[in-house]
1. What pairs from Lys54/Lys91; Lys138/Lys352; Lys47/Lys112; Lys91/Lys151; Lys99/Lys264 go past 23 Å between their alpha carbons?
2. Net charge near Gln338: determine it from the other residues with C-beta under 12 Å of the C-beta of Gln338, scoring Lys and Arg +1 and Asp and Glu -1.
3. Contour minus end-to-end for Asp232 and Glu308, with contour as 0.36 nm per residue of separation and end-to-end as the Cα-Cα distance?
4. Where does each of 202-213, 271-282 land if you order them by average Cβ count within 10 Å, highest first?
5. Given 0.36 nm per residue, what is the gain on full extension from Asp271 to Ile44 after removing their alpha carbon distance, in nm?
6. Put a dot 7 Å past each Cα toward the Cβ at Gln140 and Ala158; how far apart are the dots in nm?
7. Please compute the length gained on full extension between Ser242 and Thr104, using 0.36 nm multiplied by the number of residues separating them and subtracting their Cα-Cα distance.
Amino acid sequence: SEEPYPDPDQPPAKKLAGDVGVVVEHYNSRPDVGVVQRLESPIIGLKNFNNWVKSVLITRFAHPVLAASKSKTANGGGSFRGAPRNVGSGKVLDMGCGKGGDMTKWAKARVKELVGVDIAAVSIDQARSRWESLRGPKYQATFAALDCYTKPLTDAFAPELLGVDPYYDIESGTHLTGEPFDVVSMQFCMHYAFETEDKARCMLENVSRYLRRGGVFIGTIPNADLLLEHLDALPPNATDLSFGNSVYGIRFEQRDDRPMFGHKYWFYLKDAVDDVPEYVVRWDNFVQMAAEYDLYPIYKEEFHHVFEEHQEHPEFGPLMVRMKVVDANGESAMDEDQWEAANIYIAFAFEKR
Ligand code: SAM
């Protein structure tokens, strides 16, 4: 029995200030539309494509059954370049899980257990409901709201849930006994951490600390090279530093100062993201920092390339039809503007060594 009104003894939920407040407010206030209404989205082709890319990433790098069978092949990795190495129990940390858009994908990947976390509390409730109403194979799941870029995961989860602490220290006695994660997934959310170096480091600490060695960190982020190419292509005297098309819009605030952290732009995506502050993630900077947390890149591709690489694949080709990215005749569900918007993003995988 849920309390229908705010508890009068509790102070009202504090609104977060600054850019983070804008981000949280935006994601908390977006309605969780049902499957039917979703089909009416003007960018349904692009949404389906993004979901297909995430399915490819999850299946290739985070599917315990597939990974186990593939690891038996001669090259140790089946037919893929940078093939799945995950042979663990299938315990996943979905950081920035939002409304739980990947809950079905995790079920299909036959994971055993999922920990979902996001700064937007409303989204976390929706993710939990989505998980509760899953049909078919079920996995254990625990959800919590937390700012993962300023707080350690232990602020929201019991240490036993997070797993063995690889940095076990006898003196501090912080030895944990649970299973570590096999996979950490950050889909379309990691870039918000690049507001400051402290936030990016806190995020990486949360990613790596409870990930087992050999475990995989997968994600999707905007493609910095492409964003900066567009910025450079604007006329030198332009005062409006924006570009895009009918589907997406990006607006930088200035042209010349390009810091590694806090390089801000405003992002709009039709029927998805209103106008939210985001930060450029420079790949080299990210890779260099990730190495300090024992994370090493094994895959990085633009979304267009993910498409080209897998369109003929015996599993991912037909999946594209089932997920309505293309129709049975191979006709794309995306118009040109959606296809261009799709390539704002890159997909990545890192391995913890
Ligand atoms: N991963 C989900 C998906 O693919 O459908 C949601 C992606 S949504 C574009 C970005 C998510 O990042 C939002 O749910 C937002 O609340 C979350 N986010 C932003 N900053 C965060 C932070 N500091 N800690 C945790 N989550 C954050």
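Read-outs: derived from the displayed coordinates by stated rules, not from any lab. This is a predicted model, so every value here is computed, not measured. Cβ sites come from the backbone with ideal geometry, for glycine too, and all protein chains shown count toward neighbours.
1. Over 23 Å Cα-Cα: Lys138/Lys352; Lys47/Lys112; Lys99/Lys264.
2. Net charge in that neighbourhood comes out at -3.
3. On the way: separation 76, 0.36 × 76 = 27.36 nm, distance 2.70 nm.
Taking 0.36 nm per residue and subtracting the Cα distance, the gain is 24.7 nm.
4. On the way: 202-213: 21.2, 271-282: 18.7.
So the order, starting with the most tightly packed, is 202-213, 271-282.
5. Details: separation 227, 0.36 × 227 = 81.72 nm, distance 0.94 nm.
Fully extending the segment from Asp271 to Ile44 adds 80.8 nm.
6. 1.0
7. Answer, rounded to one decimal: 46.1 nm.
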